[in-house]
1. Would you please put 45-55, 194-204 in order of how densely packed they are, using the mean number of other Cβ atoms within 10 angstrom per residue and starting with the highest?
2. Which whole-Hz couplings ³J(HN,Hα) result when phi for each residue of segment 138-143 is put into the Karplus expression 6.51 cos²θ - 1.76 cosθ + 1.60, θ = phi - 60°, listed in order with x for Gly and Pro?
3. Place a +1 charge on the Cβ of each Lys and Arg in segment 1-73 and a -1 charge on the Cβ of each Asp and Glu, then give the dipole magnitude about the Cα centre in debye, rounded to the nearest 20.
4. Let me check I've understood the local charge: for ARG381, count other residues with C-beta under 11 angstrom from its C-beta, Lys and Arg +1, Asp and Glu -1. What total comes out?
5. In whole Hz, with x marking every Gly and Pro, tabulate ³J(HN,Hα) for segment 238-243 from phi via Karplus 6.51 cos²θ - 1.76 cosθ + 1.60, θ = phi - 60°.
6. Go through ALA18, LEU42, GLN70 and say which Cα lies farthest out towards the positive end of the charge dipole of segment 1-71; charges sit on Cβ, +1 for Lys and Arg, -1 for Asp and Glu.
7. If you average the C-alpha positions of segment 133-158 and of segment 1-37 separately, how far apart do those two centres end up, in angstrom?
8. Can you give me the long-range amide H partners of THR173? Hydrogens built in the peptide plane at 1.01 Å from N, cutoff under 5 Å, separation of 5 or more residues or another chain.
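Just so it is clear, none of the values below were taken in a lab; they were calculated from the coordinates. Note that this is a predicted model, so its numbers are computed, not measured. As a convention, Cβ positions derive from the backbone with ideal geometry for all residues, glycine included, and neighbour counts pool all protein chains shown.
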Amino acid sequence: MPITQQELGRRLKAAREALGLTQDNVAASLDLSRSAVAQMELGNRAVSSLELDRLAHLYGRDIRELLSDQFREEDALIALFRADGDLASHAETAATLRHCMNLGRELANLEWLVGLDHDTAAAVRYSLPSPRSKSEAIRQGADVADQERRRLGIGDAPVSNIIELLETQGVRTALVDLPEDVSGLTLFDREVGPFVVVNEREHLLRRTFSFAHEYGHVLLDRDAQRMISRDSHRDDLPEVRANSFAANLLMPATGVRQFLATLGKGSDSRLFAEAPTKMGAISIEARSRVAAPDIQLLDVVLLAHQFGVSRSFTLYRLHNLKIIGERDFQTVWAQNEAGKGSELARLLDLPEPDHQAARHFFRHRFLRLALEAYGREAITRSKFAELAATVLDAADAERLLDVFTADEPHGPADCLLPAG
């Protein structure tokens, strides 16, 4: 049963107020008068389909949700802003997060239009009791990382592309300019599914760890509507567990030792992990035999390149695995800080990981699905242009469709590979 104009107005007001926006804010965004917005919310003025679409985008809502029989006053993004006023107070950050959520909803809709199964409730999760100590949190994170590696068929090999791994597991990803002490956050939305955001201010190799850390929250903290990873919370048990998961996912103990063995180095010790933060190392004691292998800066450089992580994280990982002792750790750390690690990597001609390609994985998938949907006549040309313009400039979006549809005697969808 269609909702009334008054009910739509009430929902629009609730969505606006939940984000802390004023009627003046909305009026400026839509190029309307404040009184026009007020009349919409009172139900005294009809809302055009174009205005409703723009309002849904501004509020980070699915337009279908605004018109459905059931309306949720608070979704995952609003819950995040309510819980963290610091994020909500950054207008540009809040707008970018809403934009990312909208893109996630559009992608989910495109997947549905082309027949891909996107059941957000069926995403992989590990149901474990909340850890009661740091050692238990470390053990849980390490165990789940090992299980996830087996499930994904990675074995002890490096993770070649962490963003692609998350996206192929139904986890939406984004890089956003977050407050300095926030490395990332995870939201759980009914339509979008798990949504991971990492701070684009971080060094590109640090982002790899942050994405892996947030993936740990996706797998282990699904019951929470949101998770915010701050350096000031690094001793909280869910954060310790996610750090342990990330360390073991990115640099599995067996894989590390196998690689070191090819260099004639390494030692046998029990697995315990932690991670570096901007505020220093997380100090957690673990029972293990301390060996004294002669790990040098060159070994760290080669090992970091092998696993696609930073040299500082590699050093922390070796230290936590008890492969390098405290004195050697300090020596190699000082050498790396002095720039010798970068110089060795340059002289060895070790390429940087292709993070630019990883960053555009979402855009490539989004455009491919949009072209597929257009080819199946599931969306119109104008809708394609609207979608493509969210990730390309308008001229390139038009050109892409012109090239795609050129010389296609059997319809534009015939040249596509199966969507996946």
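1. Working: 45-55: 15.0, 194-204: 20.2.
The packing order, highest mean first, is 194-204, 45-55.
2. These are the phi-based 3J(HN,Hα) values: 4, 5, 4, x, 5, 5 Hz.
3. Once rounded to the nearest 20, the dipole reads 80 debye.
4. Neighbourhood net charge equals -3.
5. x, 6, 4, 5, 5, 5
6. LEU42
7. Centre-to-centre distance over Cα atoms comes out at 46 Å.
8. For THR173, the qualifying residues are VAL196.
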